[in-house]
Amino acid sequence: MKRKATNTLMRSLFDEPSDEVQSGLLGATAEKLQRLDTNEALRERLLPFCRLGYGGIWHDPIGHHRVGVLDATNGADVKSIMGDEKAKLVISDPPYNVVVGHGTSSSLSKINLQNYLEFTERWVCNSIDIMNADAHLYIWIGADYRDGFQPLADVIILMRKFKELAPRNLITLRNQRGYGTQHNWMWVRQELLYYVKGNPTFNVEAEYTDIPKILRGYYKVVNGARTENLQRSKSQFIRAGNVWVDLQQVFYRMEENTPGCYAQKPLKAMERIMRSASNEGDLVADFFAHSGTTLIAGERLGRKVYTFDIDPVFAEISIRRLENYRQTGKTGWQWRSPFTEVTYAKRGAT
Ligand SMILES: C[S@@+](CC[C@H](N)C(=O)[O-])C[C@H]1O[C@@H](n2cnc3c(N)ncnc32)[C@H](O)[C@@H]1O
């Protein structure tokens with residue numbers, strides 16, 4: 001989830017564009033495309049500029065990637081993009097079933113828990129089908145303390161059903177900014193479930209952060225000499241472990257920011273997963289593309305990515321993000337719009 005802020009300028013990122021933003025009077029750096037999932041009118045205006053409709057698949061003319069407008073719960077849709085190929089790694093970032101920002105929407109919605117679990121079961125089955133005999137599965141997920149910590153707890157239990165998958169870890173990504181009240185601990189976490197099918201290789205070097213080790217201690221006698229941990233360690237940097245505290249949450253000043261996409265994950269997080277769980281040339285699948293973070297990570301790391309989103313606008317943004325990266329070397333647009341064809345009209349204007 002992207003960083004939320006309270007001042008007028010930032011509030012405008014998540015609401016209808018204010019008159020000031022629309023007329024360009026307010027802040028050159030105000031995001032030029034508002035959150036799309038809750039702004040149906042804006043989505044409708046963008047649809048004519050999307051090259052794919054439902055069922056469509058874009059085949060990358062330069063690399064080997066594919067981007068589709070498909071439904072993760074539909075086995076035939078998944079087959080249409082995967083063909084007979086199998087993925088070494090599946091990264092999944094489905095809607096969390098937690099109300100985000102100011103509301104809910106068709107693509108990032110909150111639904112009845114039972115329906116959510118049925119949705120989850122369907123896309124997980126489809127993921128298992130397209131996974132290599134030895135492959136990794138990562139699932140980003142949230143927990144709603146206002147609603148019995150669903151769906152995290154329920155999804156963990158549901159996952160026990162899939163005998164092909166073995167749980168490997170429960171990772172927490174710490175956000176810099178959180179939400180909550182003065183009467184509770186601030187909520188700054190997002191969860192990442194990690195499962196494997198078979199016995200895939202884990203590239204442990206991907207685990208190292210760029211945070212130098214500074215603590216001494218853990219004295220141990222080695223070959224008769226008393227050594228401390230820094231002497232014995234394989235790296236001068238600390239490992240990420242399963243609590244990731246070193247990744248910046250995406251916000252409008254960052255190069256990778258993709259306006260319109262409310263649920264964008266940090267590129268560095270996707271790259272960490274990809275480095276640890278795949279090698280150059282491997283196929284990585286992501287059924288919930290949104291801003292195309294997995295696609296960009298794959299492009300940068302030499303993986304082949306097949307990804308899709310049920311919403312044509314997010315599929316289009318993913319393709320544009322890749323094209324923009326290739327043309328400019330930039331991983332996103334900061335506050336600028338991925339749709340230069342559309343400029344805001346004054347409120348009330350047609
Ligand atoms: C949390 S976002 C993914 C964020 C992404 N990892 C990123 O960094 O931009 C979830 C996405 O799933 C899409 N989605 C929801 N239901 C879907 C379905 N049945 N099949 C495919 N995509 C779906 C939504 O449109 C939304 O863009």
Qualifying residues in the stretch 182-208 (those that are over 14 Å from Lys88 (Cβ atoms) and in a loop (DSSP other than H, G, I, E, B)) - the one nearest to the chain's Cα centre (by Cα) = Met186
Residue by residue through the stretch 71-100, note down the ones that are under 26 Å from Glu191 (Cα atoms), over 17 Å from the mean Cα position of the chain (by Cα) and crowded, with 21+ Cβ neighbours inside 10 Å.
-> Val78, Ala87, Lys88
Scanning the stretch 16-36 for residues that are modelled with pLDDT under 80, of a type in the set (A, V, I, L, M) and part of a loop (DSSP other than H, G, I, E, B), the one farthest from the chain's Cα centre (by Cα) turns out to be Leu25
Among the residues of the stretch 186-209, is there at least one that is modelled with pLDDT of 90 or more, of a type in the set (D, E, K, R) and either closer than 30 Å to Leu47 by Cβ or within 14 Å of the ligand (Cβ to nearest atom) (or both)?
-> yes
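Do we find that Val188 is of a type in the set (A, V, I, L, M) and surrounded by fewer than 14 Cβ atoms within 10 Å (Cβ to Cβ) in this structure? Full working, then the answer.
Values: of a type in the set (A, V, I, L, M): yes; surrounded by fewer than 14 Cβ atoms within 10 Å (Cβ to Cβ): no.
Criteria not met by Val188.
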Going through the stretch 44-82 in order, the residues found to be basic (Lys, Arg) and either at pLDDT 95 or above or under 16 Å from Phe288 (Cβ atoms) (or both) are Arg51, Arg66, Lys79
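Regarding the stretch 118-135, can at least one residue be identified that is small (Gly, Ala, Ser) and at pLDDT below 95?
no
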What helices (runs of 4 or more DSSP H), lying completely within the stretch 37-139, carry at least 2 residues that are within 12 Å of the ligand (Cβ to nearest atom) and within 24 Å of Val196 (Cα to Cα)?
-> 75-82, 113-130
Which residue pairs have Cβ atoms under 6 Å apart, sit 6 or more places apart or on different chains, and have a first residue in the stretch 284-298 that is within 19 Å of Glu121 (Cα to Cα) and in contact (Cβ under 8 Å) with a residue 40 or more places away in the chain and a second that is of a type in the set (Ser, Thr, Tyr) and within 7 Å of the ligand (Cβ to nearest atom)?
-> Asp286/Thr294
Tell me, which residue of the stretch 159-185 that is of a type in the set (Ser, Thr, Tyr) and closer than 22 Å to Leu247 by Cβ is modelled with the highest pLDDT?
-> Thr172
Report, ordered by the first and then the second residue, all pairs with beta carbons closer than 9 Å, sequence separation of six or more or different chains, a first member in the stretch 299-316 that is among the hydroxyl-bearing types (Ser, Thr, Tyr), and a second member that is in a helix (DSSP H, G or I) and away from the ligand (no atom under 13 Å from the Cβ).
-> Tyr306/Met82; Tyr306/Ile130
Where in the stretch 209-319 are there helices (runs of 4 or more DSSP H), lying fully within it, with 1 or more residues that are among the hydroxyl-bearing types (Ser, Thr, Tyr)?
-> 267-277, 293-301
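Quick one: which residue in Arg253, Arg303, Arg326 is among the basic types (Lys, Arg), closer than 30 Å to Lys213 by Cα and more than 12 Å from the ligand (Cβ to nearest atom)? It would help to see each step written out before you state the result.
On the way: Arg303 fails: closer than 30 Å to Lys213 by Cα; Arg326 fails: closer than 30 Å to Lys213 by Cα.
One residue alone meets the criteria, Arg253.
The values are calculated or read from the model by the stated rules, or taken from the named source; none is laboratory data. Keep in mind that this is a model prediction, so the values were computed, not measured. Reconstructed Cβ throughout: ideal geometry from the backbone, glycine too, with neighbour counts over all protein chains shown.
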